[in-house]
1. Under a 5 Å amide H to amide H cut-off, with H placed in plane at 1.01 Å, what residues pair with LYS377 once short-range neighbours are removed?
2. Would you mind calculating the relative contact order of segment 177-281 from Cα pairs under 8 angstrom and at least 6 residues apart, reporting the percent as a whole number?
3. Working from Cα positions, state the angle (0 to 90°, nearest 10) between the long axis of helix 62-71 and the longest principal axis of the chain.
4. Could you tell me which of rounded, prolate or oblate describes segment 4-261, using a ≥ b ≥ c as the square roots of the eigenvalues of the alpha-carbon gyration tensor, with rounded for a/c under 1.5 and, failing that, prolate when a/b is larger than b/c and oblate otherwise?
5. Helix-only mean residue ellipticity at 222 nm, the chain, DSSP H runs n ≥ 4 weighted -39,500 (n - 2.57), per residue, nearest 500. What is it?
6. Among the chymotrypsin sites (Phe, Trp or Tyr not before Pro) within segment 89-151, which fall in a DSSP loop and have no more than 14 other Cβ atoms within 10 Å of their own Cβ?
7. With the cut-off at 1.5 for a/c, could you classify segment 26-122 from its C-alpha gyration tensor as rounded, prolate or oblate?
8. Check each of the trypsin sites (Lys or Arg not before Pro) in segment 182-263 and keep only those in coil by DSSP with at most 10 other C-beta atoms within 10 angstrom; list them in order.
Amino acid sequence: MKEILCVILGGGRGTRLYPLTKYRAKPAVPIAGKYRLIDVPVSNCLNSGLRKIVILTQFNSESLNKHINRAYRFDLFSESFVEIIAADQSMEHADWFQGSADAVRKSFRHFNDPGVKYILILSGDQLYKLNFQELLRRHTERGSEITVACNLVAEAETPELGIMGMDDELRIREFVEKPAAGADISRLRVSGGRYPASMGIYLFNKDVLFDLLFGNKAVDFGREIIPEALKTKRVHAFLHEGYWKDIGSIASFYEENLAFTGSNPPLDLFNEGWPFFTRPRYLPCSRITDSSVESSNIADGTLIESAKISRSIVGLRSRIGKGTMIEDSILMGNDYYGFYSADDGETRNVPAPGIGCGCVIRKAIVDKNVIMGDGVKLVNKKGLRDLENEFCVIRNGIIIVPKNTAIPAGMEI
């Protein structure tokens, strides 16, 4: 496993997740109350015994950089690392990353460890559990030059994904990127009536990846590099039949987050044999007073008083006032409580983020550090599909309150 370098792509704009990506890179978006999207691929690598990890960043990268630096630190005497490689301008390249393949091409000069024989390319915005040791084993047994991890999906999902055509030995012979709705792709169907879709996870022999990247000017793996490689390289599929979701939109982000509130979530965060890592914050236990909480996840350091919460995610340091009702919603929490004690003993107050008294929040995503006055109602009473104003954004009927927003008391949205 020391021969594998993991490269996680974390530089995209994530425009479909706006406004959650207004101030942060897509992989830095919080999930499940206390994690960030980037924690999923990093945790899968660490649990698989992979300890050489680089993350390519470009857009709105400050939050992501801070999280990585604070969360993943190893012994000074080990060979393990999780490092950031930021997009930069050089004598060879004066422009920024133009796509996934272009990002790896422009960063390849940093992958010069002669002990590395394989490059594992991962996305920074997916939810899944996958043991990469099994992926490497299948790759070497078949004598593959490239292995593409695939997940079997229903036909309705194919227009958003890259679909593979394989022979009986799982060698990929055809690749159709995001087939148009209604297109005849029945020839690509496998047993069970499903279709093998690329997970955006690629294992390359290092020399093969070098040849593919520097032999042309292709900028994207899915649309260009992989289809071209099928002509000359041995490319096989690795079928992953477990849970896998690409967080590509507000709707998918909302649905997959709330799935964690069920008794049998698709991704088990309580599995001690496969833990998901994140930044340790050393927060106190949550304090819940005279409240009703049903089918919800409550993160550390939360203060809840006389509230009713059902099927919701309540993030770190959340403060929820008396008489507030929260249903089918995601609260990302806060970065601070709103009080500060200096070393000299002086105490000064800052605006305290949190949810006021008597609020109603239904089918909403409330980003970090939101200050919400008493009696605010986020209920989308008019049933709007899309809206944007100074206090919120509505996408697919879901209300999103951007980070650091202050909503006056009594407002109804």
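Read-outs: derived from the displayed coordinates by stated rules, not from any lab. This is a predicted model, so every value here is computed, not measured. With ideal geometry, Cβ positions are generated from the backbone for all residues, glycine too; neighbour counts draw on all protein chains shown.
1. Amide H to amide H, under 5 Å and 5 or more residues apart or across chains, LYS377 pairs with VAL360, MET411, GLU412, ILE413.
2. Details: 28 pairs, mean separation 14.5, N = 105.
RCO, segment 177-281: 14 percent.
3. 90 degrees
4. Details: a/c = 1.44, a/b = 1.16, b/c = 1.24.
Note, shape of segment 4-261 comes out rounded.
5. Values: 7 runs with 59 residues, N = 413.
One gets -4000 deg cm²/dmol as the mean residue ellipticity at 222 nm.
6. Details: sites: TRP96, PHE97, PHE108, PHE111, TYR118, TYR128, PHE132; in loops: TRP96, PHE97, PHE111.
Sites meeting the loop and neighbour criteria: TRP96.
7. Values: a/c = 1.82, a/b = 1.18, b/c = 1.54.
The shape class here is oblate.
8. Details: sites: ARG187, ARG189, ARG194, LYS206, LYS217, ARG223, LYS231, LYS233, ARG234, LYS245; in loops: ARG189, ARG194, LYS217, LYS231, LYS233, ARG234.
In loop regions of segment 182-263 (DSSP not H, G, I, E or B), the sparsely surrounded trypsin sites (Lys or Arg not before Pro) are LYS231.
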